[in-house]
Structures are given as structure tokens and as C-alpha cells.
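Asks: The structure follows.
The values are calculated or read from the model by the stated rules, or taken from the named source; none is laboratory data. Being a predicted model, the structure only gives us computed values, none of them experimental. Here the Cβ positions follow ideal geometry from the backbone for every residue, glycine too, while neighbour counts run over all protein chains shown.
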Amino acid sequence: MSYVPHSDVDRRAMLAAIGVSSVRELFSDIPAAIVRDGPLDLPEALSEWEAIRLVAGHASRNPELACFAGGGIYDHHVPAAADHLIRRSEFYTAYTPYQPEVSQGTLQAIYEFQTMICELTGMDVANASMYDGATATAEAVLMAISATRRRQVVLAGHLHPYYRRVITTYTQGLDIELRMAGAGREGLVEPAGLAEVGRETACIVVQSPNFLGLIEEVEPLADRAHEAGALLVCVVADPVSLALIRSPGEQGADIAAGEGQPFGNTPSFGGPVVGLFAAREKFIRKMPGRIVGGTEDTEGRRGYVLTLQTREQQIRRGKATSNICTNQGLNALAATIHLALIGREGLRQVAETSAQHAHYAASRIAELDGYELLHPGSPFVREFAVRTPGDPQAIVRRGLERGLLAGVSLSRFPGIGAPNGLLLAFTEKRTLEEIDLLIDVLRRG
Amino acid sequence: MGEWTPTIFEKSRPGRRGTTVPRPDVPVRPLEELIPSRHLRATSPRLPEVPEHEVVRHYTEISLKNHHVDRALYPLGSCTMKYNPKVNEQMARLSGFAGLHPFAPAEAAQGALGLMHELGELLCEVAGMDSISLQPAAGAQGELTGVLLMRAYHRGRGDERRRRVLIPDSAHGTNPATVALAGFEVVELRSNEAGRLDLDSLRSALDADVAGLMLTNPNTLGVFESEILEISELVHRSGGLMYMDGANLNALMGIARPGDMGYDIVHLNLHKTFSTPHGGGGPGAGPVAVKARLAPFLPVPGVKTEGGSYALDWDRPESIGKIHGFYGNFGVLVRAYTYLRMLGCDGVRETAEAAVLNNAYLSARLEERFPLPYGRGMHESVYSGAALKKKTGVKTLDVAKRLLDYGFHAPTIYFPLIVAEALMTEPTETETREELDRYADALLAIADEAEHDPELVTGAPHATPVTRLDEGRAGRRLDVRWSFDNDA
Ligand SMILES: Cc1ncc(COP(=O)(O)O)c(C=O)c1O
């Protein structure tokens, strides 16, 4: 079925009003050579029920698993009220708030989102969202280049391998030098090892907790960057950690970029999620994306508008700070509502419960024959890597048989150099029973 | 007139809770034993402390200040604000999709990978292309993918001289912004009196430096580039590639295909043509479909099928790389897939026909009072408010604001740049004739008001939750986050 409302009577009346005799006449600008004379090779139309059966069939081929995988996407509970509210037509069937007088709902929610992201990251200003953590990080790199007018970027330590790939993609047409500065033996960046940071460096990019879940010492890196006149970009791929550990802002970062998925958004095979972007106030005019600001109407009442739009493509075109237009608005709204529901203490509890689960499991796994933590001396919040006695991919496969997604095999990422590594993440949703099952899957190797 | 709603932060009271969290299910140790205290945060983020019911009321209250498609016509030109089928929402939330972790091994993601593979094939058929990447998260990211594909293609042939990309003056802002981001130089081409790309302007710009032409079709005036075959031939003969911004595919699907017009690359906007909701700004999805000669350069990973099962395909040595953190906005792909399967081959064509019919009908009702400098478009028309302004002093901005009082959203205004006082209007196929009439009646009434009572229009809106907002002030006195200074 299509969603066209017209009956034949409507169609005839409309054609008469237009003054043409057939709908095909309205397409007369298209050269005959490219107008199709036959139908496309597409399946026949389906009724709603047939479509549901078909699509649900696809969904049923993805088994539901107790999830111990992280790597930038985490399996947290989304409160029912958050999903309920983002299903309101007023929110999800609206466009970008171009007419602020009839978009105050969207605009106020974004203002609240910006505030929450500033609070979490310890930064002064935040935008209305980017596509995801990877592209937010790539845009942070571009912003640092534009702000410093330098062309070298140092990607330090265990930055998410996919984020690194996206940065490489985004910068390939520009004259930018990406330098990788490997992590030290402890899985963490060693500031002394950053010999490449110098007068050409636009920014150091460091992720904390890093891809292996380890908490980096960000402050010395910020100092190192600032001594060289460069910026520090702090990447947060696990924003739940911000409830417990010091924020990028507290540690001297100039830009915080990251992923907001655990707030209000299901894993959804990696998208749609929500990229976070925040910075020091002095950089606000260099920021990518939409920004909402408070103002007044003609009667002096408070209201919100899109502001500083001269940064953006719809005005600045080829000189815009970014090409982004559509962002991840509804995902940012879900994050806002989830954070409002869970509140200050609730988020801390989610983070702490997740950390308790992870540390308990870590100590049990460390006792298993043939297993050890990959970096036993380095601190982590709720995600860590272990060295496995056998092929980690085989372990993950065996986990599937027991109803578990038993982590992420690090053999997928040759750059990490841990072919026998397994990355495990924990959330408040995991139970002792599931952790026992995980231990059993690991024990059987 | 609506009431002012305090922010959620002002509704916060210490100790209140909106939801509860499971306690650890394992023996608990002091936090300081788990994480060295030098890493611990001294003060927690000041998130609001509000009971669930109050959170629900707060967001319900502010939601009511939004115009939205489920209320009335939302004629933003170029945005294709069609109805968003409710079944799509249900399908994207099926737990097999919503709960699927992107690092699940392929054997545990067959449903998702199979859906992506099939959607890719359906979209290739609609676009007349050979290969596709579903990764781009929106139109602009599809453009970036496309322009990087141009770069990779030319480099793959040892041609590194091509530094420039041609774009007509009617193009959307993301086109030049993308070209710059991809490291190319923008060359702007003129439109002719008919609103089409000027062929002389194209000929004189084409040389061995040109990587390609980005051409929206129908263009942002809604006008079909009827010389498209000549244009493609000219560009190809000079060694360039043809890129179509597919934002306006709603006018064409099932009737004519970008691939048959000579385009090499096209991005599709699933959040426009394929009915996925706009979400107040996003998410979207901007898949990029290409001819076979560009397929080796598409982003990694793709989705491949082997012996009846599906897997991510990372084996593309010439790929431009990864463009999204994972595999794109998968939940949006589920919605578009549901839509496309329900439409089927006849529904796709009917949709385009009705989109064009609706626009023609609306144009017939309006063009006497709101002239169309470049004529009636296909799925959208760009009216000019210049004559009205000259006669009455009422600007397009005022007309747009007054439309809000009538319960409609305004069209896209002051774009494309080549039409003075532009009102770019796209009704979409899902509106009834009665709704189009209501909208036309409102605009005609506003034209009358402009003549007889201009201040009613220049002072609009009057019936909205707030009156006209001071955007200048927002830019001068930046207030982009709640300041907790006044809190007790
Ligand atoms: C013609 C055209 N091109 C490109 C875009 C950008 O697409 P998106 O907002 O999905 O990034 C738009 C959307 O507004 C458009 O109308």
C-alpha cells in the first residue's frame, strides 16, 4: 500500500484545476529517453500485517543475548518514560526548529541537553548533537586544526579503532598529518613518549576511559599539549564513566567529544546513537553543528532559538565550520529525558553498579587457569580486557550457544596487538547468574 | 498563548528521584578500592532531581509548543515532510533490532545484516545504481562520502590534478560545505532563466581540473534538469563524475532513475523520500549508491552474502574508509525498509506521482498571488514574495510567521538564494486535497491581510506559544546552557 490519500475523483478534480489531462503531463520535463516505461523490479506491495510478519522475521534472526560487549555501545536500561516521551508526535514528527515560535519544545529540550552535556563533561558549551562518537571526534580534530591553524594531529594511545578510522576518512582530502602515538606497556599513554608533539601540533587526542576501558592520566597530556600551543581533545566513548571519574574539563581538555548512546538509546546495531560535542567557551564560534540559545520574544518572555548560525552551512556555505545539517535530534532528546529521570544520584548508581559488577568479574576471571587481565596495574571503571588461553573468537562463539555475548574479541583489531584479548563490559543490567555463566563459558575456554 | 515553562533544572529538588537503579548483584567493595581516588570526581554532575511524573509532565508540556506533521501540513521545501507511518516505529523497536550490539558476531546478526543487504538492493533498483553504502548518517554525510569517492576514483587512475567541484548557484548549503571539507575547491555555476544549470557556464568551467559536478535533480527550484543527458555527457567527456544530491528523489522514484540519467553517484535521504521521521532535527540516513566503477571505493564495511548467510565485508582495499562509527543509522534503515516493502513497486511510483500532483495543484491555487519566477516545480515550487513586499511592505519572513497563526508550519524561506523573498514549498504526497486547500486559503488570506492590515502580518505570529524571538540578542548575549548560579 502507499500513503497517497487521493481517490480517482480527487485526482480528476485536481488535474482539472491544474489544467492538464493526466498526471504524466506533469512529468513532461523529463526526457522520454529516461522515463521508465515499465515498473521497477521491486517486490509487490504488502499490507501492514504482512510487513510486520516479514520485518519481525528478520528481527527474530538476531538472538537476544545477555550482553558483555562494550567498545563504545553499552547495554543499559532505558526507562519506559523516556521511550514513551520520544514517541510523542510533537517531538518525533517535527523538523529541525527553523521556526522557533512553533518549535519551543524541541528548542528547550536541546538547551537542557546542552546544559547536561556541559555538566557531564565539565565544559562551558555544548552543541545539539553530532552523528555519533566517531564523527564528533573527527569534527573535534577539524576544529582544533582550524583554531590553531596547525596541521599535525597526535592520536595518543588506545583510541577506539573505529574512531581512528573515521578521523582518517574525514581528513583524507585535507593537508593534515595524523601521527599515532602508541600506548605504553600499561595500556596507557606515557606523556614522555609523545616526542612528536611540537610547534606543528594542532591537538593531542586521547580517549578516557580508553578503548581497553582503562582510565588515562589526562591532565599531564593537557599540560603537554598546552606547552606546545596545541589543544587537548578528550574523547569519551563511555559517558556513564563521567558519573564517577574526573571530567575532561576538570583535567584541562579544550574539547570533549564522545558518544551519548547509553543515555536513552538502545544499542540498535550501532545507530542511531548520539555524538556529543563540548568545548571551552572561547571556541564556540568554531564549533560545528546546531547550538540553541536563550533569548526573549517581543513581549519580553523567555524563549529559545538556533543561534550563531553564521557558523553553519545554510549561511556560510563553503566556509562553514562543518557540513552537518541533520543531526541526531531525537536521540539527544532521549538522552535528555533519560538523564532527567535518572538524575544526579541515579546516574552515579548506574555507574557504580556497573563498576562493581565489572570489578567482581575481573577478580574471578583473573583466578581462572590461563586467564589474566591484559593490564593488571591500570585502573578501569566498568570495562577491561583479559588475555585468553585460546582463540577469543571461539570463546565468543561458544558464549552465543549459552545466550551470552561474551565480550568483543580483540583479534578483530590487529592494531591493538592483543590477538588473544577479550574486551568485557558490564552494566547495571547484568546479574550474578549471568556473570557466573560468563565465567563458566570462559573456564571451558 | 502558552505559558512559559521553567527548565527541568529549576524543577529539581535535592533528594527527589525519577527512576530507580538495580543494586549491585555481587559482593560490594568501597569505590576507592576499585578506582584510585585521584581519578574520582569530587562533585557529581548537577543532573536534575525530579520525580518521574513531573519529568513526564515537563516534556509533555514543552512538546505541545511544537508544530509537527501529525498536526497539519509542514511544507518545508526540500525537506519532504511526509507522514511518518506508525508501523515503522514499532518495527525499529523490535528487541531483535533495538537490543542488537554492533559487535555481535555475524551469526548473531543475520536478521540485521540480511535486512541491510536487501534494503541496499531495493535502493539500488530505485536509484538505477549497482552498489551502495548504507553507512552515511544523513544527507550531508552522504555528500561527503560521495565527494571522497570522486577523489578516490580519480586518484585510483593516477589523476591527482582534479581539485575542483562544480556546483550550481541554486545548490543547498551542504553541497559547498562538503566540497570544502573534502579538500576541493568550489566552482559556482550559473542557473539560466528557466532555473536550470546554464550549459555555457558548465562548458566554460569544465577542464582537466574538475573532479565532478554536484547537481540536485529536480534542483532546489523543483525544476527538472531536462538537459541532464547532455550535462552528463559533457562532464564525462572531460573526465569528471556526476553526483546527484538525491534530496528531491520523491519527485522521481519509480519514474526516472539517477543511474539512467548519467549520474555516477547519488545519495538518498531516507528521512525524506523514505518516510523516516525527522525527530526534531534527526536522525536521518543518507545511503550512497554508485555505478560499478565506483564500487571498490565505497566505505567499509559493506554487507556481503555468501551461501545464504550474510557478513560485514571489510575487504575493500581501495575504500575511502569508514564514515560512521559503526554501520550507519541502522534503526532508520529498518523504518525505510518497512516503508519500501509496504509501498512495493506500484506504491513507489504512485508516491512520486501524487507528490508532483499535489504540488501542481497547490501551485495552481497560489501562483496568481505568489508568482513563480522559475515556473511550477515538480514536487516543490519556489514562490516569490517580492511583488507582495513591493506593494505592501510585507516581507516573506512576515508571511511565514503569519502562517504559524493559521496553524501551519511555514515553507523554507529565503532559499534558494536565486529567488527574491523565496517561499520554497513542498506539500508531499500524503496531504489530501482539503488540506492543500486549507493551506492555500490561509496564504491567500494572508496576502489580503498584507494589503488591508499589514501590521497584522508584520507583527505575526500572535497565536503561538511565544511571539517573534530576538535572534540578534541570542547571538550577542550568549546563553547556551542553564546557569546554576541562582540555585539555592
Ligand atoms: C537539497 C538538499 N541537500 C542536502 C541536504 C542535507 O541533508 P541532511 O540534512 O540530511 O544532511 C538537504 C537537507 O536539508 C537538502 O534539502
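Asks: When segment A:35-58 is examined, which residues are found to be more than 7 Å from chain B (Cβ to nearest Cβ) and either surrounded by 11 or more Cβ atoms within 10 Å (Cβ to Cβ) or not in a helix (DSSP H, G or I) (or both)? Quick ask: steps written out before the conclusion?
Replies: Applying the first criterion (more than 7 Å from chain B (Cβ to nearest Cβ)) to segment A:35-58 yields A:37-38, A:47, A:49-50, A:53, A:57.
Result: A:D37, A:G38, A:S47, A:E50, A:R53, A:G57.
Asks: Separate question: Look through A:P262, A:P209, A:P248 and report the one residue that is under 19 Å from A:L142 (Cβ atoms), within 13 Å of chain B (Cβ to nearest Cβ), assigned to a loop (DSSP other than H, G, I, E, B) and touching a residue at least 60 places away in the same chain (Cβ under 8 Å).
Replies: A:P248
Asks: Collect the residues in segment B:438-470 that are over 14 Å from A:R302 (Cβ atoms) and of a type in the set (D, E), keeping them in residue-number order.
Replies: Selection gives B:D441, B:D448, B:E449, B:E451, B:D453, B:E455.
Asks: Taking segment A:298-323, which residues are away from the ligand (no atom under 16 Å from the Cβ), over 25 Å from the mean Cα position of the chain (by Cα) and free of Cβ contacts under 8 Å to residues at least 24 places away in the same chain?
Replies: The answer is A:T298, A:E299, A:G300, A:R301, A:R302, A:T310, A:K319.
Asks: Only residues that are more than 7 Å from chain A (Cβ to nearest Cβ) and either within 26 Å of A:V102 (Cα to Cα) or surrounded by 11 or more Cβ atoms within 10 Å (Cβ to Cβ) (or both): list them for segment B:6-28, please.
Replies: Going residue by residue through segment B:6-28, those that are more than 7 Å from chain A (Cβ to nearest Cβ) are B:6, B:10-16, B:20.
Of everything in segment B:6-28, those that are more than 7 Å from chain A (Cβ to nearest Cβ) and either within 26 Å of A:V102 (Cα to Cα) or surrounded by 11 or more Cβ atoms within 10 Å (Cβ to Cβ) (or both) turn out to be B:P6, B:E10, B:K11, B:S12, B:R13, B:R16, B:T20.
The rows are residues; the columns are (1) in contact (Cβ under 8 Å) with a residue 24 or more places away in the chain; (2) not polar (S, T, N, Q).
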residue	(1), (2)
B:V179	yes, yes
B:G183	yes, yes
B:D200	no, yes
B:D209	yes, yes
B:N217	yes, no
B:E225	yes, yes
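Asks: Out of all the residues in segment B:377-388, is one or more under 25 Å from the mean Cα position of the chain (by Cα) and either among the acidic types (D, E) or assigned by TED's automatic domain parsing to the domain that holds B:I255 (or both)?
Replies: Yes, that holds for at least one residue.
Asks: Would you check which residues across segment B:362-398 are at the interface with another protein chain (Cβ under 8 Å from one of its Cβ atoms) and surrounded by 24 or more Cβ atoms within 10 Å (Cβ to Cβ) and list them?
Replies: B:M378
Asks: Please enumerate the residues belonging to segment B:300-332 that are among the aromatic types (F, W, Y) and facing chain A (nearest Cβ under 7 Å).
Replies: B:F326, B:Y327, B:F330
Asks: Oh, and also: Let me confirm something: among B:E421, B:E429, which residue is more than 14 Å from chain A (Cβ to nearest Cβ), within 30 Å of B:P168 (Cα to Cα) and surrounded by 15 or more Cβ atoms within 10 Å (Cβ to Cβ)? Break it down into steps so the answer makes sense when it comes.
Replies: Numbers: B:E429 fails: more than 14 Å from chain A (Cβ to nearest Cβ).
Answer to the check: B:E421.
Asks: A further question on this structure: Restricting attention to segment A:141-168, report how many residues are more than 14 Å from chain B (Cβ to nearest Cβ) and either in a helix (DSSP H, G or I) or among the hydrophobic types (A, V, I, L, M, F, W, C) (or both).
Replies: If we filter segment A:141-168 for residues that are more than 14 Å from chain B (Cβ to nearest Cβ), which is where we start, we get A:144, A:147-150, A:152-158.
Filter once more, keeping what is either in a helix (DSSP H, G or I) or among the hydrophobic types (A, V, I, L, M, F, W, C) (or both): A:144, A:147-148, A:153-156.
The number of residues fulfilling the criteria is 7.
Asks: Please tell me if B:R38 is touching a helix residue (DSSP H, G or I) at 6+ places or on another chain (Cβ under 6 Å), outside the structural domain of B:A460 (by TED's automatic domain parsing) and among the basic types (K, R). Working first, answer last.
Replies: On the way: touching a helix residue (DSSP H, G or I) at 6+ places or on another chain (Cβ under 6 Å): no; outside the structural domain of B:A460 (by TED's automatic domain parsing): yes; among the basic types (K, R): yes.
The answer is no for B:R38.
Asks: Additional query: For segment B:114-124, which residues satisfy the criterion of being touching a Phe, Trp or Tyr at 6+ places or on another chain (Cβ under 6 Å), within 9 Å of another protein chain (Cβ to nearest Cβ) and either closer than 30 Å to B:T425 by Cα or crowded, with 24+ Cβ neighbours inside 10 Å (or both)?
Replies: First pass over segment B:114-124, keeping only residues touching a Phe, Trp or Tyr at 6+ places or on another chain (Cβ under 6 Å): B:114-115, B:117, B:119.
Subsequent filtering for residues that are within 9 Å of another protein chain (Cβ to nearest Cβ) retains B:114-115.
Hit for segment B:114-124 is B:L115, nothing else.
Condition check ((1) surrounded by 24 or more Cβ atoms within 10 Å (Cβ to Cβ); (2) out of contact with any Ser or Thr (no Cβ under 7 Å at 6 or more places or on another chain)) across all residues:
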position	(1), (2)
A:V274	yes, no
A:A279	yes, yes
A:R285	no, yes
A:E296	no, yes
A:Q314	no, yes
A:G318	no, yes
A:N327	yes, no
A:A334	yes, yes
A:I342	yes, no
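Asks: Another question about this same structure. May I ask you to list the residues in segment B:134-161 that are within 8 Å of another protein chain (Cβ to nearest Cβ) and more than 16 Å from the ligand (Cβ to nearest atom)?
Replies: Residue satisfying the conditions is B:R151 alone.
Asks: Take B:G286 and tell me if it is facing chain A (nearest Cβ under 10 Å) and either within 12 Å of the ligand (Cβ to nearest atom) or surrounded by fewer than 22 Cβ atoms within 10 Å (Cβ to Cβ) (or both).
Replies: Details: facing chain A (nearest Cβ under 10 Å): yes; either within 12 Å of the ligand (Cβ to nearest atom) or surrounded by fewer than 22 Cβ atoms within 10 Å (Cβ to Cβ) (or both): yes.
Answer is yes for this residue.
Asks: Looking at (1) of a type in the set (D, E); (2) at the interface with another protein chain (Cβ under 7 Å from one of its Cβ atoms); (3) in contact (Cβ under 8 Å) with a residue 24 or more places away in the chain, which is the only condition A:D175 fails?
Replies: (2)
Asks: Going by what's in this entry, would B:R71 be described as without any contact (Cβ under 8 Å) to a residue 60 or more places away in the chain and out of contact with any helix residue (DSSP H, G or I) (no Cβ under 6 Å at 6 or more places or on another chain)? Please lay out each step first, then the result.
Replies: On the way: without any contact (Cβ under 8 Å) to a residue 60 or more places away in the chain: no; out of contact with any helix residue (DSSP H, G or I) (no Cβ under 6 Å at 6 or more places or on another chain): yes.
No: the conditions fail for B:R71.
Asks: Any idea which of B:D260, B:D245 is away from the ligand (no atom under 16 Å from the Cβ), of a type outside the set (A, V, I, L, M, F, W, C) and in the same structural domain as B:T145 (by TED's automatic domain parsing)?
Replies: Values: B:D245 fails: away from the ligand (no atom under 16 Å from the Cβ).
The conditions single out B:D260.
Asks: Determine, yes or no, whether B:G347 is in a loop (DSSP other than H, G, I, E, B), without any contact (Cβ under 8 Å) to a residue 24 or more places away in the chain and facing chain A (nearest Cβ under 7 Å).
Replies: Values: in a loop (DSSP other than H, G, I, E, B): no; without any contact (Cβ under 8 Å) to a residue 24 or more places away in the chain: yes; facing chain A (nearest Cβ under 7 Å): yes.
It is false that B:G347 is in a loop (DSSP other than H, G, I, E, B), without any contact (Cβ under 8 Å) to a residue 24 or more places away in the chain and facing chain A (nearest Cβ under 7 Å).
Asks: Within the group B:S131, B:S191, B:S201, which residue is away from chain A (no Cβ under 11 Å), more than 14 Å from the ligand (Cβ to nearest atom), closer than 29 Å to A:I176 by Cβ and of a type outside the set (F, W, Y)? Can you show your working first?
Replies: Details: B:S191 fails: closer than 29 Å to A:I176 by Cβ; B:S201 fails: closer than 29 Å to A:I176 by Cβ.
None of the others qualify; the one that does is B:S131.
Asks: Quick check on segment B:77-99. Is at least one of its residues within 16 Å of the ligand (Cβ to nearest atom), aliphatic (A, V, I, L, M), facing chain A (nearest Cβ under 7 Å) and within 19 Å of the chain's Cα centre (by Cα)? Before the answer, list the steps.
Replies: Restricting attention to segment B:77-99, the residues satisfying the condition of being within 16 Å of the ligand (Cβ to nearest atom) are B:77-82, B:84.
From the residues that got through so far, the ones that are aliphatic (A, V, I, L, M) too are B:81.
Next cut, facing chain A (nearest Cβ under 7 Å) only: B:81.
Then drop every residue that is not within 19 Å of the chain's Cα centre (by Cα), which leaves B:81.
Yes: segment B:77-99 contains one or more residues that are within 16 Å of the ligand (Cβ to nearest atom), aliphatic (A, V, I, L, M), facing chain A (nearest Cβ under 7 Å) and within 19 Å of the chain's Cα centre (by Cα).
Asks: Checking the structure you have, find out if any residue of segment A:75-89 is in contact (Cβ under 8 Å) with a residue 40 or more places away in the chain, in a helix (DSSP H, G or I) and within 7 Å of chain B (Cβ to nearest Cβ). Before the answer, list the steps.
Replies: Applying the first criterion (in contact (Cβ under 8 Å) with a residue 40 or more places away in the chain) to segment A:75-89 yields A:75-79, A:81-83, A:85-86.
Subsequent filtering for residues that are in a helix (DSSP H, G or I) retains A:81-83, A:85-86.
So of that shortlist, the ones also within 7 Å of chain B (Cβ to nearest Cβ) come out as A:81, A:85.
The answer is yes, given that some residue of segment A:75-89 is in contact (Cβ under 8 Å) with a residue 40 or more places away in the chain, in a helix (DSSP H, G or I) and within 7 Å of chain B (Cβ to nearest Cβ).
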